[in-house]
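All of the numbers you see were taken from the coordinates with simple rules; none came from a lab. From a predicted model like this one, the values you see are computed outputs, not experimental measurements. Reconstructed Cβ throughout: ideal geometry from the backbone, glycine too, with neighbour counts over all protein chains shown.
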């Protein structure tokens, strides 16, 4: 690794809910630097969640994040000419990052509705323990579980 490690950047909490995780999620939704559009999409999705579930959208969002965040993942490691998929625990930061990425990928894969509705639907289904993002998490966990025999290669 050349040079020094990039400094850790801390982001400000979002203006509406005063939470850093929501601000980070807005940043993940953002494309081409259009933060106002991304905020409109995320806050619109939260409004739809509140309307459909009759619950606080922050509680639903937290439940969705809990259900989508993986505990284990596999990493490739070359040992003696063979590549092994080694199960590793996921760091807390990466866990959140993967959850955001998977929820957005699932929402973007759905077509025919505005992004706020697609995102709201994905968050609601993730909070209930179903949906594409939860399926992706289960696939990753299953892969790690299947390769548990190679855990002794981890360092």
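Helix 92-109 versus the longest principal axis of the chain: what angle, 0 to 90°, nearest 10, using Cα atoms?
60 degrees
Tell me the angle of helix 20-29 to the major Cα principal axis of the chain, expressed in degrees between 0 and 90 and rounded to the nearest ten.
90 degrees
Note down the relative contact order for region 1-148 as a percent, whole number, built from C-alpha pairs under 8 angstrom at least six residues apart.
Details: 178 pairs, mean separation 36.8, N = 148.
So the answer I get is 25 percent.
With angles folded into 0 to 90 degrees, how steeply does helix 115-127 sit against the dominant principal axis of the chain? Use alpha carbons for both and round to 10.
60 degrees
At 222 nm, what helix-only mean residue ellipticity would the chain give, in deg cm²/dmol to the nearest 500, using -39500 (n - 2.57) for each DSSP H run of four or more? Can you show the working numbers first?
On the way: 6 runs with 87 residues, N = 155.
Estimated from H runs of four or more residues: -18000 deg cm²/dmol.
Once you keep just the Cα pairs under 8 angstrom separated by 6 or more residues, what percentage relative contact order results for region 26-102?
Numbers: 62 pairs, mean separation 17.1, N = 77.
Computed over region 26-102, the figure is 22 percent.
Looking only at region 24-45, which residues have a backbone nitrogen under 16 Å from a spot 7 Å from the Cα of residue 9 in the C-beta direction?
Within reach of a label on residue 9, which here means backbone N under 16 Å from a point 7 Å along Cα→Cβ, region 24-45 contributes 24-36.
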